[in-house]
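Down below is the structure, laid out as structure tokens.
Every read-out reported here was derived from the displayed coordinates using simple, explicitly stated rules and does not represent laboratory data. Only a predicted model underlies this, so the values are computations on that prediction, with no experimental measurement involved. Backbone-built Cβ (ideal geometry, glycine too); neighbour counts: all protein chains shown.
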Amino acid sequence: MGEKIADQYSVTGGDFSRAGYASSQIKKSLKKLGVDMAIIKRTVVATYEGEVNIVAHAWSGKIVFAVDDEKIRIVLEDEGPGIEDIEQAMEEGFSTATSEIREMGFGAGMGLPNMKKNADHLHVESEVGKGTRVEITMHLN
């Protein structure tokens, strides 16, 4: 079974005007494939949260999106400060966002918890001073 769609999006740290672009494109692709709307919604929420995390916390990043007959796979990789304590970052309300980011309505500390709630599988790895890699898997069956 080959992948039906594979795409990649660049994300620029600090550019909130484009936050959500990749998530929106992924939603369009999944609709074209006829994926169940409940799965699309969960996928888009998880991806959007990751995309905003890159914009809010990293210098740059990319989102790689792939779909095959069994699953949706989204990998978000960034170059940034990394996450010092992944377990703590998974707690609802924990945030390292600046006051400027919070004033824009972001940085409430729900990104990773919302990603975990919506993904069928979520894997987070991070290296302080280098960056973070998040893999989201959604099962289609």
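Values computed for the structure shown
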{"quantity": "Residue within the range 80-91 that is closer than 19 Å to residue 18 by Cβ and in contact with a strand residue (DSSP E or B) (Cβ under 9 Å, 6 or more places away or on another chain) present", "calculated": "yes"}
{"quantity": "Qualifying residue in the range 16-25 (condition: among the hydrophobic types (A, V, I, L, M, F, W, C), surrounded by fewer than 16 Cβ atoms within 10 Å (Cβ to Cβ) and not in a helix (DSSP H, G or I))", "calculated": "no"}
{"quantity": "Options 37, 110, 90, 115; residue that is surrounded by fewer than 19 Cβ atoms within 10 Å (Cβ to Cβ) and in contact (Cβ under 8 Å) with a residue 40 or more places away in the chain", "calculated": "110"}
{"quantity": "Candidate set from the range 56-71 (those that are in contact with a strand residue (DSSP E or B) (Cβ under 7 Å, 6 or more places away or on another chain) and crowded, with 24+ Cβ neighbours inside 10 Å); member that is farthest from residue 107 (Cα to Cα)", "calculated": "65"}
{"quantity": "Residue in the range 59-67 that is over 16 Å from residue 26 (Cβ atoms) and in a loop (DSSP other than H, G, I, E, B) present", "calculated": "yes"}
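Per-residue answers, yes or no, for (1) outside any strand (DSSP E or B); (2) under 25 Å from residue 12 (Cβ atoms); (3) in contact with a strand residue (DSSP E or B) (Cβ under 6 Å, 6 or more places away or on another chain):
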site: 94; (1), (2), (3): yes, yes, no
site: 108; (1), (2), (3): yes, yes, no
site: 117; (1), (2), (3): yes, no, no
site: 124; (1), (2), (3): no, yes, yes
site: 136; (1), (2), (3): no, yes, yes
site: 141; (1), (2), (3): yes, no, no
